[in-house]
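Quick notes on the structure that follows.
Here, each number is a calculation from the coordinates, and none is a lab measurement. Everything numeric here is computed off the predicted structure, so don't read it as measured data. Here the Cβ positions follow ideal geometry from the backbone for every residue, glycine too, while neighbour counts run over all protein chains shown.
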Amino acid sequence: MAIKTIIEPFRIKSVEPIRQTTREERRRLLEAAGYNLFLIPSTDILIDLLTDSGTGAMSTEQWAAMMRGDESYAGSPSFTRFRDSVQAIFGFKHVIPTHQGRAAERILFSVMCKKGDVVPNNTHFDTTRANCEFVGAEAVDLPVPEASQPSLVHPFKGNMDTAKLAQLIERVGAKRVPLVMLTVTNNSGGGQPVSMANIRAVKEICARHAIPLYIDACRFAENSYFIKQREPGYAGKTPRAIAQEMFRHADGCTMSAKKDGMANIGGFLCTNDDAVAQHERDLLILTEGFPTYGGLAGRDLEAIAVGLNEALEEDYLNYRIVSTAYLGDHIAKEGVPIVQPPGGHAIYIDARAFLPHVAPTEFPGVALAGELYVEGGIRSVEIGTLMFGEHATMDLVRLAIPRRVYTQSHIDYVIEVILEVWKRREAIRGLVLTHQAPFLRHFTARFRPLAMAPARPATP
Ligand code: P71
């Protein structure tokens, strides 16, 4: 085909105004928020790239399906449509709806893990790690070594280090490993995909020790598309067939439907194990609700049932992956250090390389995110020392792209803002943490700026 431009594969039927603020206003707002962008009202944000979770635009088909939502407490046909849609892709015997991904995690870990257990993952995301630790288990990250080198290009940087997995199971004993998890795509590690070969290899190791494999499926459609593009033998397969194959290797999954479920809320937990499912449903009733709604409205179940299929459409996935890379490529071309190659749902700026004069203990990611806000009203999120403390191997600033929300000119604006901050990077200072919660501290932490030069006083 002669035409190379990839357009947004939709037209816009409902619009939501966004509000410009002045640089002075933003400086004041940032200070009032203790330099934590979570604490700024969204009406004071121009382009919100905090997360791709629950922030997508729904399609006309999803809105139409919502009108069919049946709000019966028990046995709603909306649940049947939801379950059938999930099973057609994920293939698991039991489908348990939850209000979002972390509820699925909490129930899974409560049922499967106890104090002293060890849960390996390519990289736990924040809520997964917190829920795992909350039941007294140890969350162990086993990414491949390539994952911790931001500038290194590798097709499947989301892979788990299988040699390390085998060693870990050998060392602690299979009895202490109630499950192994794979996060597709690997969110904490740059939105990087996991290959089918890696899923197969991890499953083989698990099978040898009779350990179930669970997939954290949040961005399963994007992962499927990367496999199609990058893994030999998959170019001719549909993303749907690839997704089905991925889940055939697993014994269950957790899912936040706020990502590749294309919904604003929702999630689910799947398993093939009858006894585990029974126990999970009992816990579900305690806090989430009856097993045919799990804390969701019938309307939400309908939106997810349709959204899962839309996330697997090739036109959509092509636009999604290409438009995310567009942002990454344009800033990388000017020298901005990013995690390479660009991820599926987000671009991750390497804040340690962007601000080499700011030590990790001075939160370079938080400082950079604050400057992007002051410069252009852009909200991003730190994935680094604030989010993961001692477990952080990188300090990243993630620019997550909500699904079907922003146009190319919004992204061109974001590129310009980042390049302006890049020009004045040497003047950006680090931060001092002044308040933190006992877990998931990034949501509510507060900071003050480090004093101007000399950056550190000669005496404490
Ligand atoms: C993301 C989120 C949501 C979030 C988390 C922390 C700060 C800001 C936004 C949520 C995930 C995820 C993976 C791989 C489980 C969850 C929990 N991600 N696994 O990336 O990425 O799902 O939010 O529905 O509870 O912005 P949940």
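Details
- Tensor-based shape of the stretch 273-315 (alpha-carbon gyration tensor, a/c under 1.5 rounded, otherwise prolate or oblate): oblate
- Peptides 154-165, 360-371, 279-290 ordered by average Cβ neighbours within 10 Å, highest first: 360-371, 154-165, 279-290
- Sparse packing (at most 12 other Cβ atoms within 10 Å of the Cβ) combined with a DSSP loop state is found for the following GluC sites (Glu not before Pro) in the stretch 43-139: 71.
- Helix 77-90 and the long axis of the chain differ in direction by around 80°, with both axes built from C-alpha atoms.
- 0 to 90° range, to nearest 10: angle between helix 364-376 axis and the chain longest Cα axis: 70 degrees
- The Cα-based radius of gyration of the chain, divided by its Kirkwood radius, gives an Rg/Rh of 0.96.
- In straight-distance terms, cross-link reach from residue 237 covers every one of the aspartates and glutamates whose alpha-carbon lies under 15 Å from its own, apart from those fewer than eight places away in the same chain; here that gives 222, 245, 313, 314, 315.
- Percent RCO, i.e. relative contact order, over the chain, from Cα pairs under 8 Å lying at least 6 residues apart: 23 percent
- Degrees, to the nearest 10: 298-310 long Cα axis against longest axis of the chain: 80 degrees
- Kirkwood Rh and Cα Rg combined as Rg over Rh, evaluated for the stretch 366-460: 1.01
- Overall form of the stretch 26-95: prolate. Here a/c, set by the Cα gyration tensor axes a ≥ b ≥ c, is 1.5 or more, and a/b is the larger of a/b and b/c.
- For the stretch 253-332, relative contact order (Cα pairs under 8 Å, six or more residues apart, normalised by length) works out to 29 percent.
- Remark: the Cα gyration tensor places the stretch 255-405 in the prolate category, a/c being 1.5 or greater and a/b exceeding b/c.
- Sum of -39500 (n - 2.57) over DSSP H runs of 4+, divided by residues of the chain (222 nm, nearest 500): -12000 deg cm²/dmol
- The lysines whose alpha-carbon is closer than 30 Å to the alpha-carbon of residue 423, local same-chain residues fewer than 8 away aside, are 157, 333.
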